[in-house]
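One structure below.
The values are calculated or read from the model by the stated rules, or taken from the named source; none is laboratory data. Everything numeric in this text was worked out from a predicted model, so none of it was measured. All Cβ positions, glycine included, derive from the backbone under ideal geometry; neighbour counts span all protein chains shown. The protein model used for the area step is the full one, side chains on, heavy atoms only, and it has no ligands, DNA or RNA in it. Shrake-Rupley method; radii C 1.70, N 1.55, O 1.52, S 1.80 Å.
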Amino acid sequence: MKKFTFFLITLCSIQIFSQITMTKDPSFGNEGGFSTSFNTNQIVLNSHLIVLKDQSILYLINTTDNDYIFKLKPNGTLDSNFANNGKLEFEVNNFFNAVLQGDKILVYFGPKNVVNNPFEDSKILRYHQNGTLDATFGDNGVLNEITESTNPQSLSVLVLADQSLMVTNSNSSNAKKFTIDGQLDPSFGNNGEINYPYHFPLGQADNGKIATCDINSLSSSIFSFYDLHSLETNTILNLNHHSCHYLNGLPLQNKNNRSSKMTHSGLVYSVFEYNNYPLPDFSRLIVMKDEHIDSNFNENGFVTSADYEQFLDVGFSEQQFFVLNQKDQQKSLIAYSSTGTSLKINGNRDFALQSGQEIEVKPTYILVNSIIQDENNLLNRVKIEKFLFQNNNLSTSNNQLKNVEIQNPVKDILNIKNGELAENFEIYSTDGRKILQSKNIKNINITPLPKGIYILKIRLKTGETVSKKLMKN
């Protein structure tokens, strides 16, 4: 019987040589992708992906005429049980986004910037996962005109750990807190207002801290971290004072925050692009951990692109960052470890893509979202592609290596040798669902699993994670 051997180190003097294997998932949609087109009068302005717990996908599309939500099954086909044969249509075209609230879908609009009423059409709607309006939310499913401002920006909705809502749309007014069912929470703050200088929220960590980014700061470079119940104990992190915004000892002036995201563990990471003529244009991925620049990431908290490259978007999974990169008109994926080391994908620095504007990274796959031009150079088509990936980590040291050995293929009991070197074992389906977890260092009973291909992840006591394909007969 064949065996996969995983090399693990228990002593110091370790060198890690990492490679990621990536392939397009041919079982997703039509040969690895899903696409849809609109007529020539409907130019696509923006599109965004949300992955649900069951790995189905909400595809949010904003056009010059209407806004849409398509729901795809995990296999990349339209879910005909959602709304109108897989599509939910809104006859509005102001700012539009969505977020998950447990098993509900919150869709929010606005504000539409008009002269007489700068917060017109600012509203939140709540839908069931079948695309029907949830009448128990707000006023018969709709929460209207929820923020007021003389300087409106994009409406932002953050779902807190208790499923209540933090909502705001401007730096000139405080955020508001709403109950889980869309009622203003007068017991909180000043009649529901969060009395804290407004920043756009990025998320809430498992420890309760909220991370935000001030969009009115120079290039959105000021981040804050706070607890709603102790606003006086906040941390302000101004990147303008850090080396991440310097080059050769001089501050970089023309910079733009393209993307900022947060993980449940509290890790915050941002992509900035820099345009300081006569210097070449370039980008940086900046990583913040424990409310400070992460000095363990490339020793200075950031990595820098090659000249004339743009980092368009970034996602994080387990132990690595994936970056959507562009040079000239060529799009590609590149990867970095959690410590800032460049990782090869299929033996190369770049994994070439035909297109891409946004990525969504999950434990075993990446979704690439694109807006595509037609033959008349009109942006009226969108596309999602799915790529599977796995890690292969090889370690060396000055001492004799120990091996964690597992049998592969396997039938019912997965036997493990030298399992004491591992923290735990996880088995994922190829669509990214974690279906089994074990800390048994001797064997794992996989009898309930159907025959097929799975991804086995071994979390080592050294902090590393190793992934391999596992075949059950």
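What to note about this one:
- Highest-first arrangement of 68-75, 32-39, where packing means the average Cβ count within 10 Å: 68-75, 32-39
- Accessible area, probe 1.4 Å, largest first, for residues 179, 212: 179, 212
- Note on residue 154/residue 240: beta-carbon distance plugged into 1/(1 + (r/R0)^6) with R0 of 25 Å gives a FRET efficiency of 0.65.
- Label selected from (i) -0.41, -1.22; (ii) -0.29, -1.40; (iii) -0.26, -1.23, the criterion being log10 I(q)/I(0) by the Debye sum over Cα atoms at q = 0.06, 0.13 Å⁻¹ as computed here: (ii)
- Per-residue extension of 0.36 nm, minus the Cα-Cα distance of residue 451 and residue 373, leaves a gain of 23.9 nm for this segment.
- The gain in end-to-end length when the residue 75 to residue 130 segment is fully stretched comes to 18.1 nm, 0.36 nm per residue minus the alpha carbon separation.
- Backbone N within region 178-205 under 17 Å of label point (7 Å from residue 232 Cα along the Cβ vector): 189-190, 195-197
- Two-site label geometry, residue 423 and residue 89: point separation in nm, points 7 Å out along Cα→Cβ: 5.0 nm
- Residue 318 accessible area, assembled protein chains, probe 1.4 Å, Å²: 40 Å²
- The chain, accessible surface, carbon-and-sulfur percent (1.4 angstrom probe): 47 percent
- Spatially proximal lysines relative to residue 469 (Cα-Cα < 18 Å; intrachain offsets below 8 disregarded): 2, 3, 24, 362, 386, 411, 417, 434, 451, 457
- Karplus-derived 3J(HN,Hα), 6.51/-1.76/1.60, for each residue of region 347-354, Hz, glycine and proline x: x, 10, 5, 10, 10, 5, 10, 7
- ³J(HN,Hα) computed for each position of region 130-140 - Karplus, 6.51 cos²θ - 1.76 cosθ + 1.60, integer Hz, glycine/proline x: 8, x, 9, 5, 8, 5, 7, 9, x, 10, 6
- The phi-based Karplus calculation (6.51 cos²θ - 1.76 cosθ + 1.60; θ = phi - 60°) puts the 3J(HN,Hα) values of region 261-271 at 9, 9, 9, 5, 7, x, 5, 10, 9, 9, 10 Hz, whole numbers, x for Gly and Pro.
- Estimated FRET transfer efficiency when R0 is 60 angstrom, pair residue 66-residue 461 (beta carbons, to 0.05): 0.65
- Heavy-atom accessible area order for 289, 439, largest first, 1.4 Å probe: 439, 289
- Each peptide in 249-256, 306-313 was scored by the mean count of other Cβ atoms within 10 Å over its residues; highest first, the order is 306-313, 249-256.
- Residue 317 long-range amide H proximity, modeled H, under 5 Å: 322
- Relative contact order, whole percent, for the chain stands at 15, derived from Cα pairs under 8 Å and 6 or more residues apart.
- Accessible heavy-atom area order of 206, 350, 103, highest first, probe of 1.4 Å: 206, 103, 350
- Taking 0.36 nm per residue of separation and subtracting the Cα-Cα distance, full extension of the segment from residue 162 to residue 52 would add 37.8 nm.
- For residue 134, the residues 5 or more places off, or on other chains, whose built amide H falls under 5 Å of its own are 126, 127, 128.
- Cβ-Cβ FRET estimate between residue 99 and residue 265, R0 fixed at 30 Å, reported to 0.05: 0.95
- Each of 245, 430, 367 was scored by the projection of its Cα onto the charge dipole of the chain, and the greatest displacement toward the positive side belongs to 430; charges sit on the C-beta of Lys, Arg, Asp and Glu.
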